[in-house]
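Worksheet: one structure, shown below.
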Amino acid sequence: MAQHSIMSILLFVCLSLCFEVAQSQFRDIGDECSNNSECDSGCCGIRIQDSIAKCIPKRGPNTKCIGPNDGDSCYSSDLCNSGCCFRSTSREAAAECGPKRHPQECLGPDNGDFCSLSAECDSGCCRRTSTEFRVPTNKCEPKAAKNATCNPLINNGLYPDYCPCARGLTCQLDRNDRYFCK
């Protein structure tokens with residue numbers, strides 16, 4: 001009997017933790033952070049006066065995010081704060097972050113291109129689109145817009161049905177047990 005009670009408590013704790021993780025994908029502006037991907041704004045910055053990293057707006061005067069900023073070395077566009085990692089002409093780095101002038105110059109697959117992981121895509125969403133000849137086909141797709149169907153969970157670096165919500169939106173369950181961006 002005691003063993004059953006302990007197992008029930010452990011199951012409840014595990015489910016509660018899973019629910020918390022699924023509900024809180026991104027942190028809001030002002031929340032403490034350790035890297036850019038944790039923040040809803042996409043920018044985790046350090047203020048000199050208090051030396052604490054917090055989520056801050058990505059665009060603005062004197063904005064300096066943790067991670068590759070313009071001019072820093074990179075290997076994939078999704079890592080850059082500007083959203084573009086391009087082949088460098090300098091000898092110091094093979095590729096560097098910079099402003100996105102032409103999507104073709106950015107490293108990493110754009111929307112519609114084949115991918116194997118969401119981290120490769122400029123949008124941050126690699127979705128399994130079909131299974132032809134028992135081989136999955138994955139393509140980069142844009143993140144879901146407001147009121148669009150979304151998927152809050154990633155599975156082995158891929159989104160199986162729908163992409164997650166665009167920044168500033170959250171994937172919420174409706175009355176019909178379907179997820180929508182709000």
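The values are calculated or read from the model by the stated rules, or taken from the named source; none is laboratory data. Remember, it's a predicted structure, so these values are computed and weren't measured experimentally. Note that each Cβ is placed from the backbone with ideal geometry, even for glycine, and that neighbours are counted across all protein chains shown.
Check whether at least one residue in the stretch 88-106 is part of a loop (DSSP other than H, G, I, E, B), at pLDDT below 80 and crowded, with 20+ Cβ neighbours inside 10 Å, and report yes or no.
no
Could you count how many residues in the stretch 146-173 are in a loop (DSSP other than H, G, I, E, B) and either under 20 Å from Thr129 (Cα atoms) or aliphatic (A, V, I, L, M) (or both)?
15
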